[in-house]
């Protein structure tokens with residue numbers, strides 16, 4: 001008689017495995033370590049998934065989903081066919097990595113309202129990283145996977161970083177951003193600052209207390225001040 005698996009245990013497995021993959025990356029993660037983190041035996045773990053590859057597949061499917069985990073009808077979950085995981089991740093990146101404000105800004109030689117345009121560009125980057133922080137963090141850490149690594153560099157990191165750099169260079173040429181010797185470095189600093197507070201801070205071992213909404217507004221304001229030309233000085237506190 002097949003062993004019955006409690007539905008709630010499936011969600012515990014996904015959350016625990018996601019944490020391990022995010023901490024160690026793909027190559028260093030071992031099924032025995034995941035079983036220990038979840039609190040089951042290694043044999044029990046193989047009742048859920050056929051392989052480590054199948055478990056990573058599940059974690060990527062469920063990362064950042066607010067709804068409850070639903071146990072698959074067929075267990076153990078089979079190992080995905082070669083190339084299938086890449087197709088899934090590429091499809092998800094295409095669905096979520098949309099930057100309408102940045103795309104619109106790149107089509108204009110000048111901004112009619114530079115501050116508002118820059119805020120919209122930075123805000124959509126921040127929001128995307130904040131809403132997809134677990135998936136992005138896990139993909140970054142699992143870039144040692146033979147298929148996911150090249151895909152993440154090509155589709156996950158390259159386009160957003162390159163387009164933001166082109167935007168900064170465009171607004172420097174229009175005189176609406178301050179002149180700087182290394183515009184691409186400036187755009188990278190802006191992106192990494194946003195990534196720190198939208199995503200990486202959630203894994204900080206010794207975090208400072210902060211309120212997410214006000215922190216987001218403060219970070220966007222500070223990044224904007226570093227880019228805008230002729231920014232007036234901040235008013236002295238009363």
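The values are calculated or read from the model by the stated rules, or taken from the named source; none is laboratory data. The structure displayed is predicted, hence computed values, not measured ones. Using ideal geometry, Cβ is built from the backbone for each residue, glycine included, and neighbour counts are taken over all protein chains shown.
Summary of computed values
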{"read-out": "Some residue of segment 112-130 being in the same structural domain as residue 215 (by TED's automatic domain parsing), modelled with pLDDT of 90 or more and part of a loop (DSSP other than H, G, I, E, B)", "value": "yes"}
{"read-out": "Filter result for residue 178 (assigned by TED's automatic domain parsing to the domain that holds residue 115, free of Cβ contacts under 8 Å to residues at least 24 places away in the same chain and over 21 Å from residue 157 (Cα atoms))", "value": "no"}
{"read-out": "Odd one out for residue 145, checked against (1) in a helix (DSSP H, G or I); (2) buried (at least 19 other Cβ atoms within 10 Å of the Cβ); (3) modelled with pLDDT of 90 or more", "value": "(1)"}
{"read-out": "Unique match (being surrounded by fewer than 17 Cβ atoms within 10 Å (Cβ to Cβ), touching a helix residue (DSSP H, G or I) at 6+ places or on another chain (Cβ under 7 Å) and either under 27 Å from residue 152 (Cα atoms) or at pLDDT below 90 (or both)) among 23, 63, 32", "value": "32"}
{"read-out": "Of the criteria (1) in the same structural domain as residue 125 (by TED's automatic domain parsing); (2) modelled with pLDDT of 90 or more; (3) surrounded by 13 or more Cβ atoms within 10 Å (Cβ to Cβ), which one residue 100 fails", "value": "(3)"}
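Here is a yes/no grid of residues against (1) closer than 24 Å to residue 27 by Cα; (2) buried (at least 16 other Cβ atoms within 10 Å of the Cβ):
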{"position": "117", "(1), (2)": "no, yes"}
{"position": "141", "(1), (2)": "yes, yes"}
{"position": "153", "(1), (2)": "yes, no"}
{"position": "163", "(1), (2)": "no, yes"}
{"position": "174", "(1), (2)": "no, no"}
{"position": "186", "(1), (2)": "no, yes"}
{"position": "197", "(1), (2)": "no, yes"}
{"position": "212", "(1), (2)": "no, no"}
